1. Limited to the stretch 69-128, what total is found for residues that are within 13 Å of the ligand (Cβ to nearest atom), under 12 Å from the mean Cα position of the chain (by Cα) and small (Gly, Ala, Ser)?
2. Based on what the data block shows, is residue 107 surrounded by fewer than 16 Cβ atoms within 10 Å (Cβ to Cβ), assigned to a helix (DSSP H, G or I) and of a type in the set (Ser, Thr, Tyr)?
3. In the stretch 49-68, which residues are within 11 Å of the ligand (Cβ to nearest atom) and assigned to a loop (DSSP other than H, G, I, E, B)?
4. Go through (1) surrounded by 13 or more Cβ atoms within 10 Å (Cβ to Cβ); (2) within 16 Å of residue 240 (Cα to Cα); (3) without any contact (Cβ under 8 Å) to a residue 40 or more places away in the chain and name the single condition residue 193 misses.
5. I need a count of the residues in the stretch 46-65 that are farther than 15 Å from residue 126 by Cα and touching a residue at least 40 places away in the same chain (Cβ under 8 Å).
6. Give the residue that is surrounded by the most Cβ atoms within 10 Å (Cβ to Cβ), with candidates limited to residues of the stretch 66-104 that are free of Cβ contacts under 8 Å to residues at least 60 places away in the same chain and among the β-branched types (Val, Ile, Thr).
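Rule-based calculations on the coordinates, nothing more; no lab input. Computed from a predicted model, the values in this text were never measured in an experiment. We place every Cβ from the backbone using ideal geometry, glycine too, and count neighbours over all the protein chains shown.
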Amino acid sequence: MARDMDHERRAAKAFLRQAADFIWPPRSLVSRDRGAGKGPLSPAEFSRIRFLDGAVCDRCGMPLGVDTGAGGVCAACIARPPRWNRARAAFVYDPQSRRLVLDLKRSGRRDGLATFGSWMMRAGGALIVEADLIVPVPLHYVRLAGRGFNQSAWLARTVARLSGTPMRVDALKRTRRTPTQGGLSARARKRNVAGAFEVRKRSVPFVAGKRVLLVDDVLTTGATLSACVRALKQAGAHEVDVLVLARVVRETDVTI
Ligand SMILES: [Zn+2]
């Protein structure tokens, strides 16, 4: 009997070690320290990231003050429902997590992708399981050529690979180049991207009648994602859910 318990305890510990490896990055993504023990996203750095795995609004993924059970919706979404069906984010975009996002978005640092993918899998569980197709938010081809990468496509590909869900990286395209959303008000952001996306003709058959999971790096006001959802719906998508790495929770954090 004692032996069985020992065995169980050992198995549980092994599982926890594996889970820690799965969630913790192999190298510091924040301080850039190397060799600071195992997985130099140090325990302190890791503990400052606010993961959105508690009770969140079913429509927008915003943390809810009280757990109203599955399917709870926040007051903002009741007043003005978003264009998408459900949105989830892995963690809160704030001064503690900003570096992680900017390293990916601006510097094209890829070594966090596997970790980010696993965090998004955890946050997006049901959305991923139910999705027929994963589609990233696209960059305009001129910007893509200048930068050389689309971090949303990287995240989408990682989630697609981890979950085995089909992905079409170029299903959506930007029909015009839009100024960056940074520093714009919510209203200006909406105007900026209105009608700026469409589903490529050859991708329409893959989108029509399907549950699409739209992937982006950060949800700020949701203007870009809404414009993408609209384009997917126009192409006949049955439902569109949204999965992002991080989301802004307070207006004052909208600096990206
Ligand atoms: Zn909401």
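1. 2
2. No, not satisfied.
3. Those that are within 11 Å of the ligand (Cβ to nearest atom) and assigned to a loop (DSSP other than H, G, I, E, B): 57, 58, 59, 60, 61, 62, 64.
4. The one condition residue 193 does not meet is (2).
5. 6
6. It comes out as 73.
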